[in-house]
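Undergrad: Provided herewith is a single structure, encoded as structure tokens, for subsequent inquiry.
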Amino acid sequence: MINEGDKGALVEEWVELANGCICCTVKHSLVQALEQLVQRKERLDHILLETTGLANPAPLASVLWLDEQLESEVKLDSIVTVVDAKNLRFQLDEHRGSSSFPEAYFQIAFADIIILNKVDLVSVESSGALEELEVEIHNINSLAEIIHSVRCQVDLSKILNRQAYDTARATQLEALLEESRSLSTKKLHDSDVRTICICETRMINLDKTRIWLEEILWEKKYDMDVYRCKGVLSVQNSDQLHTLQAVKELYEIVPSRKWEKEEKRINKIVFIGHNLKEDILINSFRDRATC
Ligand SMILES: Nc1nc2c(ncn2[C@@H]2O[C@H](COP(=O)(O)OP(=O)(O)OP(=O)(O)O)[C@@H](O)[C@H]2O)c(=O)[nH]1
């Protein structure tokens, strides 16, 4: 970790983790190490963890997405992925059709914000190329916000303090789900890493919804690999809009605000993952979770 020391000099600081490399064997000792770091510093606004270019963000996200009750001083704010606009297509195409995925898919699927870098090298070659790349990225993860950049020069307010894992902040989540592209997933294959959206007006039964979700996330009942899931829920016998967030097997459903009187209540759940079966997801939700 590199911090600014006296007179702006950069001081390199290492925190040794009991479990070794943070990218591969990360455990909650990472959280302890970060908490120690926070305590030792007088003022620390943000911590940026840069994984290796080949890391799958899933273990980090799972470890850092902490239960509120732990009252930790560190909090996962968002996952930012830098995409090389010049090489993305090549990297995705390389494994298309095979059963394994390059890390590029995971890094896009888990991202809350995507910095599409080196756009200068692409836009001069072809005018529609950047839009095509955006479509490609949104097919994998329709919730990610894409920021164009040259040499990663971005407005820091666009990547810091985004509160992407804050389930209580319904407005942000709702806006995100609202914006989420109406997904023409029919042309994509189940085997692609992609986004699927469920919209349903019938109210849900909370207990039944938990069981439905646990069967998908924990028991892998339909053989789907869900990486990320976000949603808003209209719960029976409750005047509160509930929000849903999941990272791999971890999930959280919390009440977050009152539904307005005139508001049209709806359930909207977005799944990002591999082997997602749209019809099964939609039908099983209707059959098993709604009232
Ligand atoms: N034209 C252009 N060149 C860039 C841009 N960003 C980085 N480069 C150059 O691309 C080369 C490789 O840089 P990166 O792709 O960032 O490689 P890196 O930082 O080693 O990558 P990681 O190890 O994955 O962090 C360097 O010569 C950079 O100066 C950009 O936006 N436009």
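Residue-by-condition table, conditions (1) of a type in the set (S, T, N, Q); (2) more than 24 Å from ASN141 (Cβ to Cβ):
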position	(1), (2)
ASP192	no, no
THR195	yes, no
GLU215	no, no
ASP225	no, no
GLN240	yes, yes
GLN245	yes, no
LEU250	no, no
ARG265	no, yes
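Undergrad: Where in region 1-89 are there strands (runs of 3 or more DSSP E), lying wholly inside it, with at least 2 residues that are assigned by the TED database to the domain that holds ALA104, under 27 Å from VAL226 (Cα atoms) and at pLDDT 80 or above? Quick ask: steps written out before the conclusion?
TA: Values: elements: 2-4, 10-12, 80-84.
Qualifying strands (runs of 3 or more DSSP E): 80-84.
Undergrad: Filter region 255-291 down to residues that are assigned to a strand (DSSP E or B) and exposed (fewer than 15 other Cβ atoms within 10 Å of the Cβ), then give me how many there are.
TA: Start the filter on region 255-291 by keeping residues that are assigned to a strand (DSSP E or B), which leaves 255-258, 267-274, 290.
Adding the requirement that they be exposed (fewer than 15 other Cβ atoms within 10 Å of the Cβ) leaves 258.
So the answer is 1.
Undergrad: In this structure, is SER126 without any contact (Cβ under 8 Å) to a residue 12 or more places away in the chain and touching a helix residue (DSSP H, G or I) at 6+ places or on another chain (Cβ under 9 Å)? Can you show your working first?
TA: Details: without any contact (Cβ under 8 Å) to a residue 12 or more places away in the chain: yes; touching a helix residue (DSSP H, G or I) at 6+ places or on another chain (Cβ under 9 Å): yes.
In short, yes.
Undergrad: Going through region 36-82 one residue at a time, which ones are within 21 Å of VAL247 (Cα to Cα), of a type in the set (Val, Ile, Thr) and surrounded by 12 or more Cβ atoms within 10 Å (Cβ to Cβ)? Steps first, answer last, please.
TA: Step one: of region 36-82, the residues within 21 Å of VAL247 (Cα to Cα) are 47-82.
This time we only want the ones that are of a type in the set (Val, Ile, Thr), so: 47, 51-52, 63, 74, 79-82.
Residues satisfying the conditions are ILE47, THR51, VAL63, VAL74, ILE79, VAL80, THR81, VAL82.
Undergrad: While we're looking at this one, here's another question. What's the total number of residues in region 227-285 that are within 21 Å of ASP112 (Cα to Cα) and among the aliphatic types (A, V, I, L, M)?
TA: 12
Undergrad: Moving to a separate point now. Residues in region 251-265: is at least one in contact (Cβ under 8 Å) with a residue 12 or more places away in the chain and on the phi > 0 side of the Ramachandran plot? Talk me through it step by step, then tell me what you get.
TA: Taking region 251-265 and keeping what is in contact (Cβ under 8 Å) with a residue 12 or more places away in the chain, we get 251-259, 264-265.
With the extra rule that they be on the phi > 0 side of the Ramachandran plot, the set shrinks to none.
No; the residues of region 251-265 include none that is in contact (Cβ under 8 Å) with a residue 12 or more places away in the chain and on the phi > 0 side of the Ramachandran plot.
Undergrad: Output the number of residues of region 174-212 satisfying the condition of being among the basic types (Lys, Arg), modelled with pLDDT of 90 or more and either assigned to a helix (DSSP H, G or I) or outside the structural domain of ILE272 (by the TED database) (or both).
TA: Residues flagged as among the basic types (Lys, Arg), modelled with pLDDT of 90 or more and either assigned to a helix (DSSP H, G or I) or outside the structural domain of ILE272 (by the TED database) (or both) within region 174-212 amount to 2.
Undergrad: Just checking, how many residues over region 107-160 are over 16 Å from VAL80 (Cα atoms) and touching a Cys at 6+ places or on another chain (Cβ under 6 Å)?
TA: 0
Undergrad: Where residues in region 113-145 are outside any helix (DSSP H, G or I) and among the acidic types (Asp, Glu), which of them is nearest to the ligand (Cβ to nearest atom)?
TA: Within region 113-145, the first condition is being outside any helix (DSSP H, G or I), and the residues that meet it are 113-118, 124-128, 141-145.
Next, from what is left, pick out any that are among the acidic types (Asp, Glu): 125, 145.
Values: GLU125: 12, GLU145: 18 Å.
Ranking the qualifying residues of region 113-145, first place goes to GLU125.
Undergrad: Could you grab the pairs with beta carbons closer than 9 Å, sequence gap of 6+ or different chains, first residue in region 77-91 and of a type in the set (Ser, Thr, Tyr) and within 12 Å of the ligand (Cβ to nearest atom), second one part of a strand (DSSP E or B) and modelled with pLDDT of 95 or more?
TA: THR81/ILE113; THR81/ILE114; THR81/ILE115
Undergrad: Another question, if that's okay. So which residues in region 149-165 are within 14 Å of the ligand (Cβ to nearest atom) and either under 19 Å from CYS197 (Cα atoms) or in contact (Cβ under 8 Å) with a residue 60 or more places away in the chain (or both)?
TA: Here is the first cut: in region 149-165, the ones within 14 Å of the ligand (Cβ to nearest atom) are 149-154.
Residue satisfying the conditions is CYS152 alone.
The values are calculated or read from the model by the stated rules, or taken from the named source; none is laboratory data. Predicted model only: the values in this text are computed from it and were never measured. Note that we place each Cβ from the backbone using ideal geometry, even for glycine, and neighbour counts take in every protein chain shown.
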